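Below: the structure, in structure tokens.
The values are calculated or read from the model by the stated rules, or taken from the named source; none is laboratory data. Everything numeric in this text was worked out from a predicted model, so none of it was measured. We place every Cβ from the backbone using ideal geometry, glycine too, and count neighbours over all the protein chains shown.
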Amino acid sequence: MNLNDIHSPKDIKNLDLSQLKELSAQLRDSLLTKLSRHGGHIGPNLGVVELTVALHRVFDAPKDKLVFDVSHQSYVHKMLTGRIEAFTVPAHYDDVTGYTCPRESEYDLFEIGHTSTSVSLATGLAKARDLQGGNENVIAIIGDGSLSGGEAFEGLDFGAELGSNFIVVVNDNDMSIAENHGGLYENLRQLRETDGKCETNYFRSLGYDYRFVPYGNDIESLIAALTEVKGIDHPIVVHVATQKGKGYAPAEEHREQFHYGAPFDIPTGNPLNISQRANYADIFADYMLDRMKKDNTVVTITAGTPSVIGFTPDRRIEAGRQFVDVGIAEEQAVAMLSGLAKGGAKPVFGVASTFIQRAYDQISQDLCINSNPGVITIFYGSVFGMNDMTHLGFFDISLLSNIPNLVYLAPTCKEEYIAMLGWAIDQNEHPVVVRVPDMAVIETNREYPTDYSDLNKNVVERKGSRIAIIGVGSFLPLASQATDILATKGIEATLINPRFLSGLDTDLLTSLLDDHETVITLEDGIIDGGYGQKVASFYGNTNMKVLNRGLRKKFLDRYNANEIVTECHLTPELIAADAIATLG
């Protein structure tokens with residue numbers, strides 16, 4: 001049995017049990033080698049090797065439809081569907097994405113990187129099949145951690161009444177990114193401990209038939225269970241108990257640490273490149289812990305991603321009941337944030353930019369319409385953040401800054417971030433979002449105001465004439481560098497820190513009309529609907545020239561950030577050149 005002989009799932013159809021076990025071992029070894037050199041999602045993929053082999057052995061993809069939730073556990077699926085070199089040949093490691101990708105293969109049905117989606121997507125495939133008289137199997141694969149998301153419930157709720165072939169495979173490794181949270185998981189534990197026979201059964205209560213596979217890393221058991229449900233004429237849940245990180249001791253022992261990781265040393269599990277630089281996750285966590293100790297009404301909330309905001313297991317223990325993990329449920333996080341604020345607490349929800357999109361309605365309806373003073377702090381909101389198509393972090397300015405009643409702050413450095421976060425927690429008038437300046441931590445040793453209640457007031461960092469450059473948040477240093485270049489050309493430009501993304505300093509902008517010809521805005525987000533367009537709209541009936549510099553409205557994938565900012569003229573040299581060109 002040789003991995004290089006596997007070009008499609010057809011190549012494993014006739015393998016006997018011993019050969020399938022050998023194949024699984026080779027897949028796991030190759031997977032571990034690549035992950036140790038390249039990084040990626042480690043535990044989720046090591047845990048589903050046998051399950052993925054069994055799925056492709058039993059079902060006939062791509063006719064049968066396999067939909068992977070989140071799809072960060074689809075590496076073995078890719079290895080079995082013609083992309084083996086991307087996992088065995090270092091020169092080809094970057095040939096594939098870390099998620100399912102229809103651009104790569106007909107076996108991948110959706111671009112998926114956010115959680116709790118597979119069941120809902122699969123209900124659509126099943127309904128389309130039924131309308132057209134098809135007979136293919138539709139299989140949604142979803143992890144136990146993803147079940148906490150509202151969309152997962154909605155999909156399960158609808159799928160139960162399809163009345164036709166609909167198979168939900170629940171990969172239960174008793175783990176989300178960190179530990180699971182929510183009442184649902186007590187029932188999953190009971191089902192695991194009773195071999196699926198306990199009286200209370202979440203899935204049966206929704207109307208599903210049910211099968212339990214207690215040894216989800218045993219390929220013989222998996223093939224038997226999946227063969228039994230293949231071609232079934234009604235909705236069924238196959239509940240599979242697996243081991244996250246299976247086959248690699250450090251990943252089995254430290255499941256949270258090895259959910260996702262950079263390159264590491266296989267014998268020890270130690271990361272190969274340990275950064276000693278300060279980071280905003282630690283800065284945020286340390287600040288919040290200090291506030292919690294001084295005030296028992298201060299609460300930190302995460303939606304299943306505590307590591308994003310620096311709350312390691314030790315810090316979570318230290319925070320005690322003032323740290324709340326709602327599981328992968330951003331809607332619950334924001335609505336709870338609003339309720340906490342209404343009830344007199346001082347809550348802060350820390351979240352990655354890409355995931356705040358999942359709670360847009362709650363931010364608008366539950367939080368902002370009610371003007372409750374909950375605080376959200378946005379991490380990875382940058383072109384220099386995560387660069388997978390499904391995890392982009394440069395849409396939040398246009399998404400959030402246009403919601404009424406919301407105050408959106410854009411600090412430029414560590415000190416200003418702490419000052420703004422502190423004010424946001426202490427004030428009682430507004431819902432506030434603070435955008436982490438998510439690039440390298442800049443420490444200025446300056447003192448910043450601790451009161452931002454005079455809304456939308458900008459700060460002039462350097463007074464000049466003719467040209468004004470407004471540098472939003474982490475792009476203020478970029479604006480400063482451009483003004484330095486202009487100074488060498490004999491042009492003393494005005495440099496402005498806007499501080500607020502949700503409104504304009506109309507007095508300041510009006511005053512620029514007296515002695516300025518051009519205003520340039522720089523923002524770490526898309527131009528469309530962003531801060532710069534607000535400025536351009538303000539000057540619409542004047543002679544002021546306005547250049548908006550930001551990112552294009554586009555789903556970029558695995559891009560080089562330096563190339564993108566150059567294309568968008570977001571370098572000091574190009575900004576200065578564009579400014580000079582406007583002066584004629």
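Kindly check whether there is at least one residue in region 72-87 that is among the small types (G, A, S) and within 20 Å of A225 (Cβ to Cβ). Spell out the reasoning first.
Start the filter on region 72-87 by keeping residues that are among the small types (G, A, S), which leaves 74, 82, 86.
Now restrict to residues that are within 20 Å of A225 (Cβ to Cβ): none.
No; the residues of region 72-87 include none that is among the small types (G, A, S) and within 20 Å of A225 (Cβ to Cβ).
If you take the residues in region 281-304 that are assigned to a helix (DSSP H, G or I) and either free of Cβ contacts under 8 Å to residues at least 40 places away in the same chain or acidic (D, E) (or both), which one is surrounded by the most Cβ atoms within 10 Å (Cβ to Cβ)?
Narrowing region 281-304 to residues assigned to a helix (DSSP H, G or I): 281-294.
Now narrow it down to the ones that are either free of Cβ contacts under 8 Å to residues at least 40 places away in the same chain or acidic (D, E) (or both): 282, 285-286, 289-290, 292-294.
Details: D282: 15, A285: 24, D286: 12, L289: 19, D290: 11, M292: 20, K293: 12, K294: 8.
Taking the candidates together, the pick is A285.
Can you find even one residue in region 372-387 that is in contact with a Ser or Thr (Cβ under 9 Å, 6 or more places away or on another chain), of a type outside the set (S, T, Y) and closer than 26 Å to G183 by Cβ?
The first filter runs over region 372-387 and keeps only residues in contact with a Ser or Thr (Cβ under 9 Å, 6 or more places away or on another chain), leaving 372, 374, 378-382, 384-386.
Checking the rest, the ones that are also of a type outside the set (S, T, Y) come to 372, 374, 378-379, 381, 384-386.
Okay, now just the ones that are also closer than 26 Å to G183 by Cβ, so 372, 374.
The answer is yes; a qualifying residue exists.
Please find, among L23, L46, L32, the residue that is over 27 Å from the mean Cα position of the chain (by Cα), crowded, with 18+ Cβ neighbours inside 10 Å, in a helix (DSSP H, G or I) and aliphatic (A, V, I, L, M).
When all the criteria are applied, what remains is L23.
Filter region 226-241 down to residues that are touching a helix residue (DSSP H, G or I) at 6+ places or on another chain (Cβ under 8 Å) and either part of a strand (DSSP E or B) or among the hydrophobic types (A, V, I, L, M, F, W, C) (or both), then give me how many there are.
Going residue by residue through region 226-241, those that are touching a helix residue (DSSP H, G or I) at 6+ places or on another chain (Cβ under 8 Å) are 226-227, 230, 235-241.
Next, from what is left, pick out any that are either part of a strand (DSSP E or B) or among the hydrophobic types (A, V, I, L, M, F, W, C) (or both): 226, 235-241.
Looking only at that region, the number is 8.
Could you figure out which of (1) among the hydrophobic types (A, V, I, L, M, F, W, C); (2) buried (at least 24 other Cβ atoms within 10 Å of the Cβ); (3) out of contact with any strand residue (DSSP E or B) (no Cβ under 7 Å at 6 or more places or on another chain) isn't true of V89?
It fails just one condition, (2).
State the number of residues belonging to region 491-522 that are crowded, with 16+ Cβ neighbours inside 10 Å and either of a type outside the set (A, V, I, L, M, F, W, C) or at positive phi (or both). Let's see the steps before the verdict.
At the first step, the residues of region 491-522 found to be crowded, with 16+ Cβ neighbours inside 10 Å are 491, 493-505, 508-509, 512, 516-522.
Checking which are either of a type outside the set (A, V, I, L, M, F, W, C) or at positive phi (or both) leaves us with 494, 497-499, 502-503, 505, 516-518, 521.
Number of matching residues: 11.
Give me the pairs: first residue in region 563-574 and under 12 Å from R552 (Cα atoms), second residue surrounded by fewer than 13 Cβ atoms within 10 Å (Cβ to Cβ) and of a type outside the set (F, W, Y), beta-carbon distance under 9 Å, and six or more apart or on different chains, which are they?
From residues that are under 12 Å from R552 (Cα atoms), the pairs are I564/R552; E567/R552; C568/R552.
Please work out which one of (1) without any contact (Cβ under 8 Å) to a residue 40 or more places away in the chain; (2) closer than 14 Å to P498 by Cβ is the condition V407 fails and give its number.
(1)
Sort through K65, K78 and tell me the only one that's surrounded by 19 or more Cβ atoms within 10 Å (Cβ to Cβ), at pLDDT 95 or above and in contact with a strand residue (DSSP E or B) (Cβ under 6 Å, 6 or more places away or on another chain). Please lay out each step first, then the result.
Details: K78 fails: in contact with a strand residue (DSSP E or B) (Cβ under 6 Å, 6 or more places away or on another chain).
Selected residue: K65, the only one of K65, K78 that is surrounded by 19 or more Cβ atoms within 10 Å (Cβ to Cβ), at pLDDT 95 or above and in contact with a strand residue (DSSP E or B) (Cβ under 6 Å, 6 or more places away or on another chain).
Among the polar types (S, T, N, Q) and either within 24 Å of I425 (Cβ to Cβ) or part of a helix (DSSP H, G or I) (or both): is that true of S307 in this structure? Give the steps one after another, and end with the answer.
Values: among the polar types (S, T, N, Q): yes; either within 24 Å of I425 (Cβ to Cβ) or part of a helix (DSSP H, G or I) (or both): yes.
Taking the combined requirement at face value, the residue satisfies it.
With the structure loaded, tell me whether T542 is under 22 Å from D454 (Cα atoms) and surrounded by fewer than 16 Cβ atoms within 10 Å (Cβ to Cβ) or whether it fails that test.
On the way: under 22 Å from D454 (Cα atoms): no; surrounded by fewer than 16 Cβ atoms within 10 Å (Cβ to Cβ): yes.
When the stated conditions are applied, T542 does not pass them.
Read through the list (1) polar (S, T, N, Q); (2) part of a helix (DSSP H, G or I); (3) at pLDDT below 95, then give the number of the only condition that T52 fails.
(3)
This table checks each residue for (1) polar (S, T, N, Q); (2) farther than 23 Å from A329 by Cα.
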site: I167; (1), (2): no, yes
site: I177; (1), (2): no, no
site: L184; (1), (2): no, no
site: T200; (1), (2): yes, yes
site: S205; (1), (2): yes, no
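Please indicate, with yes or no, whether at least one residue in region 443-451 is in contact with a Phe, Trp or Tyr (Cβ under 8 Å, 6 or more places away or on another chain) and touching a residue at least 40 places away in the same chain (Cβ under 8 Å).
no
Which numbered condition trips up G269, out of (1) assigned by TED's automatic domain parsing to the domain that holds K34; (2) surrounded by fewer than 20 Cβ atoms within 10 Å (Cβ to Cβ)?
The failed condition is (1).
So is Q276 out of contact with any Asp or Glu (no Cβ under 9 Å at 6 or more places or on another chain), crowded, with 19+ Cβ neighbours inside 10 Å and not in a helix (DSSP H, G or I) or not? Lay out the reasoning, then the answer.
Working: out of contact with any Asp or Glu (no Cβ under 9 Å at 6 or more places or on another chain): yes; crowded, with 19+ Cβ neighbours inside 10 Å: no; not in a helix (DSSP H, G or I): yes.
In short, no.
Have a look at G550, G525, G471, G529 and point out the one that is within 26 Å of Y452 (Cα to Cα), under 31 Å from the mean Cα position of the chain (by Cα) and surrounded by fewer than 19 Cβ atoms within 10 Å (Cβ to Cβ).
Only one candidate passes the filter, namely G529.
Collect the residues in region 363-381 that are among the hydroxyl-bearing types (S, T, Y) and buried (at least 24 other Cβ atoms within 10 Å of the Cβ), keeping them in residue-number order.
Selection gives T377 alone.
Could you look through region 354-403, keep only residues that are acidic (D, E) and out of contact with any strand residue (DSSP E or B) (no Cβ under 7 Å at 6 or more places or on another chain), and pick out the one that is farthest from H114 (Cα to Cα)?
Selected residue: D366.
Output the number of the condition that F264 fails; it satisfies all remaining conditions of (1) closer than 24 Å to F311 by Cβ; (2) out of contact with any Ser or Thr (no Cβ under 7 Å at 6 or more places or on another chain).
Failing condition for F264: (2).
May I ask you to list the residues in region 87-102 that are in contact (Cβ under 8 Å) with a residue 24 or more places away in the chain, in contact with a Leu (Cβ under 9 Å, 6 or more places away or on another chain) and not hydroxyl-bearing (S, T, Y)? Show your work before the answer.
Of the residues in region 87-102, the ones in contact (Cβ under 8 Å) with a residue 24 or more places away in the chain are 87-88, 90, 93-94, 97-100.
When the remaining residues are screened for being in contact with a Leu (Cβ under 9 Å, 6 or more places away or on another chain), the result is 87-88, 100.
Scanning region 87-102 gives a single hit, F87.
Just wondering, is there one or more residues in region 9-27 that are in contact with a strand residue (DSSP E or B) (Cβ under 7 Å, 6 or more places away or on another chain) and in the same structural domain as V170 (by TED's automatic domain parsing)? Please lay out each step first, then the result.
Here is the first cut: in region 9-27, the residues in contact with a strand residue (DSSP E or B) (Cβ under 7 Å, 6 or more places away or on another chain) are none.
The answer is no; no qualifying residue exists.
Just a yes or no: is a residue in region 338-345 in contact (Cβ under 8 Å) with a residue 24 or more places away in the chain and under 30 Å from A440 (Cβ atoms)?
no
Give the residues of region 145-171 that are buried (at least 24 other Cβ atoms within 10 Å of the Cβ) and of a type outside the set (A, V, I, L, M), sorted by residue number.
Of the residues in region 145-171, the ones buried (at least 24 other Cβ atoms within 10 Å of the Cβ) are 145-149, 152, 155-156, 159, 166-171.
G145, S146, S148, G149, G155, G159, F166, N171, listed by residue number.
Only residues that are in contact (Cβ under 8 Å) with a residue 60 or more places away in the chain and in contact with a helix residue (DSSP H, G or I) (Cβ under 8 Å, 6 or more places away or on another chain): list them for region 65-86, please. Break it down stepwise before answering.
First, pick out the residues of region 65-86 that are in contact (Cβ under 8 Å) with a residue 60 or more places away in the chain: 65-70, 72-73, 79-82, 84.
Matches in region 65-86: K65, L66, V67, F68, D69, V70, H72, Q73, M79, L80, T81, I84.
Filter region 156-191 down to residues that are over 22 Å from V213 (Cα atoms) and not in a loop (DSSP other than H, G, I, E, B), then give me how many there are.
Of the residues in region 156-191, 2 are over 22 Å from V213 (Cα atoms) and not in a loop (DSSP other than H, G, I, E, B).
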